[in-house]
Amino acid sequence: MALEARRRVDKQNPTVSQETAISVENVSKVYRLGVAETRHDTLGAVFVDMIKSPLENYKKYRSLYKFDDVTSTKIGNGTERSDVLWAVRDVSFDIKRGELVGLIGTNGAGKSTMLKILSRITPPTKGEVRVRGRVSSLLEVGTGFHPELTGRENVYLNGTILGMTKREVESKFDEIVEFSGVSKFLDTPVKRYSSGMKVRLAFAVAAHLEPEILIVDEVLAVGDAEFQKKCLRKMEDVGQHGRTVLFVSHNMSAIARLCERSILLHQGGIVKDGPTHEVVSAYLSSAWGQTAEREWPDEAEAPGDDVVKLRAVRVKDKNGEVSNSHDIRDPILIELDYDVMELHHQLYIHFLVHNQEGVCVFTAIDQDPEWRRKDRQTGRYTTVCRIPGNFLAEGTLSVTPVLRSIRPETYHGHAPDAIAFHVRESFEADSVRGDWVREIPGVVRPSLEWTTRYTCKG
Ligand SMILES: Nc1ncnc2c1ncn2[C@@H]1O[C@H](COP(=O)(O)OP(=O)(O)OP(=O)(O)O)[C@@H](O)[C@H]1O
Ligand SMILES: [Mg+2]
């Protein structure tokens, strides 16, 4: 797994055509349930661990990756084994050099697993992966580095793993530090960084060390809007220089902006691979792309920080029932549950609504005078926003809740496209459409007041 091994693998790929950067052939990844596999998010972490205790690690890896007994997956009577989980199942695709590709799908679809296989953090159980070129990857939120090493050491380690000389890394060092904005903490071990700081530095490293292939998992889930925009611009820039980018996100508008092609995964398998607008549209209009309710029972996984954490978001109909399909004439309720854990914050709760083309239809901000500009007690809150009927256009819409506070202005967290719902067309006389039967353009379809006066005889 060390650098040499990686170089060898990359050189041994005469079968990959000049234009192909990544070739994935019938790849599957099986996890044995109940057996913990140490999670590594960078090759750096794998690399350092291997150096620290090579034999122990070698044995551990061997035992975890031996699946000779399970890859048949069927037991004697032909039923599926229940002690294994197919995180990725028989996946094949090619990515050309210079392509920007989005990888989308619901939670647990296998996206991160696929990226880990491509980054050689974890080997596939079956199938073959060929990667042509130096890979730099940023996998999973906030965990891009080896925690014991300082920010500075991690930058050098990552450079070395990419096959760069110390001098080459040095020439990029200032740019990396400037992009990340963490210069004050460069000599602090990364384990003391906040998740936002970690992801900032990790992204800066991954994008600036001149990789030929850049693999990014959900970096936009962390960090403020400004940093997200900066990351997207940087990825675009990397793509424009003939590099290959593979990008996982739940943020459909980011995917739509960056990638011309997308791959949709569901339960480990590819469901659709093609132009992004078609793939995103298929995803959002599928039942599993429309989760009307999302909860974070585990506090550690909930979006937010030490001040406030989002615990649930749901879309309800006018009767208060959770529903992902709504008549265009009916009001829709968006409900947010969150825990305030620190006193004296003036929260500024809002959410963004995007349509399936990735357009932000509107942003709704909680301006309830009862709470506006007031410090909050600690505890659980439920905030409901009512979207009037006869306001949205038909189609699929997603909701991105954002937790912020003002004075001082602080970003606490957000949940990109946490839920989605469908607005159904109505052909009844009391709908905005009235008697018109053909398509009506527009991202909203509000019910407006009209008056007509007869002014003079013609
Ligand atoms: N190290 C592991 N050990 C066991 N099971 C795992 C491991 N990593 C992932 N899985 C399982 O494999 C499946 C695919 O997980 P993966 O993390 O690839 O999904 P994902 O598409 O990235 O989801 P998300 O959108 O939530 O990030 C899930 O059921 C997950 O629980
Ligand atoms: Mg993931």
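Only the Cβ atoms of Lys and Arg (+1) and of Asp and Glu (-1) were treated as charged; on that basis the dipole of segment 291-424 about its Cα centre amounts to roughly 440 debye. Each residue of segment 195-209 was assigned a 3J(HN,Hα) from its phi angle through the Karplus curve 6.51 cos²θ - 1.76 cosθ + 1.60 (θ = phi - 60°); the sequence is 5, x, 5, 4, 5, 4, 5, 4, 5, 4, 5, 4, 7, 9, 7 Hz, with glycine and proline shown as x. A Förster radius of 25 Å combined with the Cβ-Cβ distance from Trp436 to Phe362 puts the calculated FRET efficiency at roughly 0.60.
Can you give me the orientation-averaged projected area of the convex hull built on the Cα atoms of segment 300-458, in nm²?
12.9 nm²
Each peptide in 255-265, 386-396 was scored by the mean count of other Cβ atoms within 10 Å over its residues; highest first, the order is 255-265, 386-396. The slack between Lys166 and Thr452, meaning 0.36 nm per residue of separation minus the straight C-alpha distance, is 95.4 nm. Residue separation of Glu409 and Ala429 scaled by 0.36 nm, minus their Cα-Cα distance, works out to 2.5 nm of gained length. Each Lys or Arg adds one and each Asp or Glu takes one away; over the other residues whose Cβ falls under 11 Å from the Cβ of Met114, this sums to +3. Annotation for Ser194 and His277: the two label points, set 7 Å from Cα along the Cα-Cβ direction, are 3.9 nm apart.
With R₀ fixed at 60 Å, the C-beta to C-beta distance from Glu321 to Arg233 puts the FRET efficiency at about 0.90. For segment 242-295, a crude dipole built from +1 on the beta carbon of Lys and Arg and -1 on the beta carbon of Asp and Glu, taken about the Cα centre, is about 200 debye to the nearest 20. With a cut-off of 12 Å between beta carbons, the residues surrounding Tyr348 carry a summed charge of +3, where Lys and Arg count +1 and Asp and Glu -1.
Within segment 137-208, none of the trypsin sites (Lys or Arg not before Pro) combine a DSSP coil assignment with at most 14 other C-beta atoms in a 10 angstrom radius. The charge dipole of segment 140-189, taken about the Cα centre with unit charges on the Cβ atoms of Lys, Arg (+1) and Asp, Glu (-1), comes to about 80 debye, rounded to the nearest 20.
Bear in mind these aren't lab numbers, they're just calculated from the coordinates by the rules spelled out. What you see is a predicted model, and the numbers here were worked out from it, not measured in a lab. So basically every Cβ, Gly included, is an ideal-geometry build from the backbone, and we count neighbours across all protein chains shown.
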